[in-house]
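A quick write-up on the structure given underneath.
The values are calculated or read from the model by the stated rules, or taken from the named source; none is laboratory data. This one's a predicted model, so the numbers in the text were calculated from it and none came from an experiment. As a convention, Cβ positions derive from the backbone with ideal geometry for all residues, glycine included, and neighbour counts pool all protein chains shown. Just so you know, the surface numbers come from the protein's heavy atoms only, side chains and all, with ligands and any DNA or RNA stripped out. Shrake-Rupley method; radii C 1.70, N 1.55, O 1.52, S 1.80 Å.
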Amino acid sequence: MSANDLDNFVTAVVAGALIPDPGTMFNPWGDHDPVHDGSPDAPQIRADHLHRYLAARLGRARVLLIAEAPSYSGAKFSGMAMTSERDVLARGADGHDRFDDYFDGGFRRTSRELPQLKNRDGMLERTASIVWGAMRDQRWPARDFVLWNAVAYHPHLPDQPLTNRAPSVTERRALRPLLEQFLALFPGVPRLAIGRICQASLADMGIDALPARHPSYGGAPEFRAAVSALRERLTAGQV
C-alpha cells in the first residue's frame, strides 16, 4: 500500500471517531492524559511514533502479530502496539543507537515520572517484552514483523485510566473498520492472532490467522512455541 494509505490510517486512528464510549476507552494518539502524560503534546508524539513505526514496515513486513487490545503500560504511552517505553529506551541506551529496531529517528517517552508508577526508566509492559524477546530469539529482523491490536484503543474501567479490561463485543464490532484498514496496509501478509479476543475478531471477519496463546498469565511458553512454529511454516512456504 502507499504512503497516502498510511497517512489516512493514522489520521483515522488519531481521530478516534469509532470509539463507542470515550469515558472507558483511551486513544493514545488523540487523547491527552493530564495526570500521567509528561506534556500536552504527548498524543502528537505517540502519533508520530506510530506513523514512523508502520512506515518502516510497509512493503517489507512478512508477518502481522495481532493481539487483543492495548494495555495502560504499553501503547498508551509508547504509541506502538505491544511495545513499552522502557524497552525502547533501553535499546537506544545500549551504546549502539538501536531505535532503528522500531523506526528511523529518535524516540521520546510520553509518561510522566511518578513514584506510584515506578517508571523512572519509562513504563514497562511485560507482555511486550515477551513478544519482542520471542521474535528476537527466532532471529526475526525487527522490521519484518508488525505488531497491532484487534481493538486499537486502550479499554479501561470508568474513571480508572491505569486499569485494563477486556473489550466488549460492541467495542470490537464498532472498531472493526479500523482493523480492516490496518490489514489493508499489508495485503497478503500472514497473521498470528494472539489471544482469544483477537482470534474471535478475525474469525468474525472471515480472516485466516494462525492462533497463539496470549503471553500473559503463564502463556509465555506456549506463545514462544507458536512463534517458533510460525517461523518454520514460513520457511517451508506453508503460509
- Probe 1.4 Å - accessible area at Asp121, Å² to nearest ten: 80 Å²
- Query: In debye to the nearest 20, how big a dipole does region 96-169 give about its Cα centre with +1 on each Lys and Arg Cβ and -1 on each Asp and Glu Cβ?
  - Reply: 200 debye
- Message: Residues of region 132-167 with the amide nitrogen closer than 15 Å to a label point 7 Å from the Cα of Asp104, along Cα-to-Cβ, please.
- Response: 143
- Item | Calculated from backbone phi, Karplus (6.51, -1.76, 1.60) coupling profile of region 75-87 in Hz, x at Gly/Pro | 4, 3, 10, 7, x, 10, 4, 6, 9, 10, 3, 4, 5
- Note on the structure: At q = 0.15, 0.22, 0.23, 0.24 Å⁻¹, the log10 of I(q)/I(0) for region 38-123 from a Debye sum over equal Cα scatterers comes to -0.56, -1.15, -1.24, -1.32
- For region 164-239, size of Cβ-based charge dipole, Lys and Arg +1, Asp and Glu -1, in debye: 160 debye
- Task: Would you mind calculating the gained length between Ala200 and Ser228 on full extension (0.36 nm times residue separation, minus the Cα-Cα distance), in nm to one decimal?
- Result: 7.8 nm
- Message: Checking the a/c ratio against 1.5 first, then a/b against b/c, what shape does the Cα gyration tensor give for region 162-224?
- Response: oblate
- Farthest toward positive dipole pole in the chain [+1 Lys/Arg, -1 Asp/Glu at C-beta], among Leu58, Gly16, Ala225: Ala225
- Expected 222 nm ellipticity per residue - DSSP helices of 4 or more, -39500 (n - 2.57), all of the chain, to 500: -11000 deg cm²/dmol
- Query: Magnitude of the Cβ-charge dipole of the chain, K/R +1 and D/E -1, about the Cα centre, nearest 20 debye?
  - Reply: 620 debye
- Where in region 189-239 are there trypsin sites (Lys or Arg not before Pro) that are in a DSSP coil and have at most 13 other Cβ atoms within 10 angstrom of their Cβ? none
- Surface per residue (accessible, 1.4 Å probe) for the chain, Å²: 44 Å²
- State the answer as a single residue: which of Leu6, Pro187, Leu117 lies farthest towards the positive end of the charge dipole of the chain, with beta carbon charges of +1 for Lys and Arg and -1 for Asp and Glu, about the Cα centre. Pro187
- Task: Bin width 10 Å, alpha-carbon pairs only: give the P(r) of the chain as whole percents, running from 0 to the bin holding the largest distance.
- Result: 8, 34, 40, 17, 1
